[in-house]
1. List the pairs whose first member sits in the range 1-26 and is in contact (Cβ under 8 Å) with a residue 40 or more places away in the chain, whose second member is in a helix (DSSP H, G or I), and whose Cβ atoms are under 9 Å apart, counting only residues at least 6 apart or on separate chains?
2. Give me the pairs, please: first residue somewhere in the range 45-70 and charged (D, E, K, R), second residue anywhere and modelled with pLDDT under 80, beta-carbon distance under 7 Å, and either six or more positions apart or on two chains.
3. Residue by residue through the range 133-142, note down the ones that are in contact with a Lys or Arg (Cβ under 9 Å, 6 or more places away or on another chain) and either of a type in the set (G, A, S) or modelled with pLDDT of 95 or more (or both).
4. Can you tell me which of R165, R172 is modelled with pLDDT under 95, surrounded by 17 or more Cβ atoms within 10 Å (Cβ to Cβ), closer than 26 Å to G24 by Cβ and not β-branched (V, I, T)?
5. Between a first residue in the range 97-125 that is closer than 23 Å to A80 by Cα and of a type in the set (D, E, K, R) and a second residue that is modelled with pLDDT of 70 or more and surrounded by fewer than 20 Cβ atoms within 10 Å (Cβ to Cβ), which pairs have beta carbons less than 9 Å apart while being 6 or more apart in sequence or on different chains?
Amino acid sequence: MGISTSKKILIGVVGIAVILGIYGVSTYNSFVGLNEKVNNAWAQIDTDLQRRYDLIPNLVASVKGIAAQEREVFTAIADARTRYAGATTPESRAQAANQVESSLSRLLVIMENYPQLRSSEAFTGLMVQLEGSENRIAVSRKDYNNIVATFNTLLKRFPGSVFGRVFGFSTRTYFEITNEARETPKVEFN
């Protein structure tokens, strides 16, 4: 005696359900793992940005003594640091970081016009530390954007798109610079 047709159909349906269940669990675990990697990569950017912000007051203090008339740049840097400290989401922190970068680039243009500042040992040490911070930030941003790309790709490809929606995952935002940060800083000396 063979297996009836209805039993064959039931076994087939159960088999497909088991396969989908295993695939669903595997996909869910992939999303969770990638999501944590994205969070970790963002935390590294946050750490690197904080290091930069800790250096900025010392750098500004070094420059203030020599370039006292550049109050606008110092104010812009202080305002951008305040916005960063008050930012609560990765997107708002990224926007504040871009504002700091724009202000810092203006400060660097100013510093080029003060040779006595560049010859200061304290200033030179701070600039080396700031350069190291900027390099760390660049690497951290690249790593973050790479893992976001992996996560978003999994979420957008079939069948990950179906499982991603079911599990409540949504695309993550890349860390991009603003148009303001792309512009060359303009500094005028009166």
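The values are calculated or read from the model by the stated rules, or taken from the named source; none is laboratory data. None of these values were measured; they are calculated from a predicted model. Using ideal geometry, Cβ is built from the backbone for each residue, glycine included, and neighbour counts are taken over all protein chains shown.
1. Y23/F163; G24/F163; G24/V166; G24/F167
2. Once the first residue is charged (D, E, K, R) and sits in the range 45-70, its partners that are modelled with pLDDT under 80 give K64/F74; E70/I110.
3. So in the range 133-142, the residues in contact with a Lys or Arg (Cβ under 9 Å, 6 or more places away or on another chain) come out as 133-134, 136-137.
Selection gives S133 alone.
4. Answer to the selection: R172.
5. Close Cβ pairs (under 9 Å, with a partner that is modelled with pLDDT of 70 or more and surrounded by fewer than 20 Cβ atoms within 10 Å (Cβ to Cβ)) amount to E101/E134; E101/I177; R106/E72; R106/A76.
Yes or no, residue by residue, for (1) among the charged types (D, E, K, R); (2) more than 24 Å from E176 (Cα to Cα); (3) modelled with pLDDT of 75 or more; (4) buried (at least 18 other Cβ atoms within 10 Å of the Cβ):
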position: V63; (1), (2), (3), (4): no, yes, no, yes
position: T89; (1), (2), (3), (4): no, no, yes, no
position: A96; (1), (2), (3), (4): no, no, yes, yes
position: S102; (1), (2), (3), (4): no, no, yes, yes
position: I110; (1), (2), (3), (4): no, yes, no, yes
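Listed here are the residues, each with its yes/no results for (1) part of a helix (DSSP H, G or I); (2) modelled with pLDDT of 90 or more; (3) under 25 Å from V139 (Cα atoms); (4) touching a Ser or Thr at 6+ places or on another chain (Cβ under 9 Å).
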residue	(1), (2), (3), (4)
V18	yes, yes, no, no
I22	yes, yes, no, no
V32	yes, yes, yes, no
L49	yes, no, yes, yes
Q69	no, no, no, no
